[in-house]
Amino acid sequence: MNTAVQVVNTRIGIVTATDLEQDQSFTRTLGEITSPNARMQCRNINVWYANKQAIKDVSLDIGKHEVVAMIGPSGCGKSTFLRCLNRMNDTIPIARVNGSIKLDGKEILDRGIDVVPLRAQVGMVFQKPNPFPKSIYENIAYGPRIHGLTTSRTELDELVEISLRRAGLWNEVKDRLNQAGTGLSGGQQQRLCIARTIAVSPEVILMDEPCSALDPIATAIIEELIDELRAHYSIAIVTHSMQQAARVSQRTAYFHLGDLVEVGPTEQIFNQPQHKLTEDYITGRFG
């Protein structure tokens, strides 16, 4: 068994509220926030919902061909930060974001940026599978059509097949492409949503707890798929499962009360965390 997975199965002690108040003070993120092959570079990101600050001065790179897992207790800001990466927080009227987020060196927080092509470049897979109420084929074909990625039905057919193959779904649905995507099982629906994301040629794929609604078998299939997709895309995943983070990621970032406490290679985070807050969460004393 992966030693990181063994560590997260350990349970020790209980942390009181007083302990947390004493331990949560720190001046900067521990570990290396940068990546030598950064696809996205986030610097000094702050997010408010009305007057409540949800993210506090967070800086983090998302590297090419790597999976970055974001972990931490509920309400710590990891999903809020993830949604900053393709400006999904723009859809929340009371949300306000400042700082810098660059995709391949281009600032995506500029007001003049068109978020439609941005969300094709930085695709999102949500917690609950959300296939369109269309056929399996049309679920995949919709994005390439609106973005003008194909010029003929033959090209579109090929793109649909390639996307479904990369999502590990082609052999299961190739004989029923005209049937409703909503008729698939939960795990198949999630892979359909991943295929739909892949079809518009993203550079980065964001996953917000993509396995939380799935059974263990479907979860294992999705995790294998994530590892395969890393060869083609940069991936950032939010997960409440530390075992999952240990299995699928190369780097792990621990969030606490809106702060990015620590980031580093996954093995190091789970086996030799530098901050006591990280250690308390990893070992089960808090979370």
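The values are calculated or read from the model by the stated rules, or taken from the named source; none is laboratory data. Computed from a prediction, not measured in an experiment: that's the story for all the values here. Here the Cβ positions follow ideal geometry from the backbone for every residue, glycine too, while neighbour counts run over all protein chains shown.
Considered as a group, the residues in region 91-150 that are small (Gly, Ala, Ser), buried (at least 16 other Cβ atoms within 10 Å of the Cβ) and not in a strand (DSSP E or B) include one that is farthest from the chain's Cα centre (by Cα), and that residue is ALA141.
Contact map, region 117-131: first residue within 15 Å of LEU85 (Cβ to Cβ) and charged (D, E, K, R), second residue at pLDDT 95 or above and surrounded by 15 or more Cβ atoms within 10 Å (Cβ to Cβ), Cβ cut-off under 7 Å, separation 6 or more or different chains; pairs are ARG119/ASN86. Only residues that are surrounded by 16 or more Cβ atoms within 10 Å (Cβ to Cβ) and touching a residue at least 60 places away in the same chain (Cβ under 8 Å) were counted across region 202-232, and they come to 13. Comparison of GLU203, GLU172, GLU155 shows that the only residue that is over 24 Å from VAL122 (Cα atoms) and acidic (Asp, Glu) is GLU172. Looking across region 167-177, the residues that are in a helix (DSSP H, G or I) and not aromatic (Phe, Trp, Tyr) come down to ASN171, GLU172, VAL173. All but one of (1) free of Cβ contacts under 8 Å to residues at least 24 places away in the same chain; (2) closer than 18 Å to THR239 by Cα hold for GLY72; state the number of the condition that does not hold. The one condition GLY72 does not meet is (1).
Can you find a residue that is at positive phi and either β-branched (Val, Ile, Thr) or surrounded by 15 or more Cβ atoms within 10 Å (Cβ to Cβ) (or both) anywhere in region 154-169? Yes: one or more hits. Pairs linking a residue in region 245-261 that is closer than 18 Å to ARG28 by Cβ and in contact (Cβ under 8 Å) with a residue 60 or more places away in the chain to a residue that is assigned to a helix (DSSP H, G or I) and not acidic (Asp, Glu), with Cβ atoms under 6 Å and 6 or more positions apart or on different chains, are THR252/ALA245; THR252/THR266; THR252/ILE269; TYR254/THR278; PHE255/LYS78; HIS256/LEU277; VAL261/LEU277; VAL261/THR278.
Just wondering, is there one or more residues in region 90-97 that are hydroxyl-bearing (Ser, Thr, Tyr) and at pLDDT 95 or above? No, the conditions are met nowhere in region 90-97. Here THR283 does not fit the description of being among the polar types (S, T, N, Q), at pLDDT 95 or above and farther than 26 Å from ASN130 by Cβ. When restricted to residues that are in contact with a strand residue (DSSP E or B) (Cβ under 8 Å, 6 or more places away or on another chain) and assigned to a helix (DSSP H, G or I), region 178-207 contains 6. For the criterion of being in a helix (DSSP H, G or I) and either under 26 Å from SER79 (Cα atoms) or touching a Gly at 6+ places or on another chain (Cβ under 8 Å) (or both), CYS211 fails.
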